[in-house]
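J.: Before I ask anything, here is the structure I am working with.
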Amino acid sequence: MTDARPDDDAIETTMLRLVTERGADKTVCPTEVARALGGPHPDGWGPLMQPVRRIAVRLAHAGRIAILRKGKAVDPDDFRGVYRLSLPGSGAGSQSSV
């Protein structure tokens, strides 16, 4: 419908809202963030996946979210593949073992 892409602030706000609404020890898929902003069609949310990842890394560095892979917190600068987002301190391997 519109060619306007969500800006970084909109992505950040949506990401933080979704992980907060999901609650402690629950995760959000990055595609949920992209779909919330770009709609259900891949042409809308697909291009948002890289900005979502970039903002997730920034927020993880700031301690506002955690990036999880296979249920364990990962280094925001060194992770690959499928990942999930959560509140900091959530997840099996959150702060105690990382």
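J.: Quick one: order Leu48, Leu16 from most to least accessible surface, probe 1.4 Å.
T.: Reading off the accessible areas and sorting them downward yields Leu16, Leu48.
J.: Just the accessible area per residue of the chain, please: how many Å² with a 1.4 Å probe?
T.: Value returned for the chain: 60 Å² of accessible area per residue.
J.: Probe 1.4 Å, all protein chains in place: accessible area of Thr20 in Å², nearest 10?
T.: Around 90 Å² of this residue is reachable by solvent.
J.: Can you give the longest stretch of the chain with no exposed loop site, where a site means trypsin sites (Lys or Arg not before Pro) in a DSSP loop (not H, G, I, E or B) with at most 16 other C-beta atoms within 10 Å? Mind dumping the intermediate values first?
T.: Details: sites that count: Lys26, Arg64, Lys70, Arg80.
Free of exposed loop sites, the longest segment is 27-63.
J.: Show the residues, 5+ positions off or on another chain, whose built amide H is closer than 5 Å to the amide H of Ile65.
T.: Here Ala60 satisfy the definition.
J.: Find how much the distance from Glu21 to Val57 grows on full extension, using 0.36 nm per residue of separation minus their present alpha carbon separation; answer in nm with one decimal.
T.: Full extension of this stretch gives 11.0 nm more.
The values are calculated or read from the model by the stated rules, or taken from the named source; none is laboratory data. Keep in mind that this is a model prediction, so the values were computed, not measured. Methodologically, a virtual Cβ is constructed for each residue, glycine included, from the backbone with ideal geometry; neighbour enumeration extends over all protein chains shown. We work out accessible area using only protein heavy atoms, side chains counted, and drop any ligands, DNA or RNA first. Shrake-Rupley method; radii C 1.70, N 1.55, O 1.52, S 1.80 Å.
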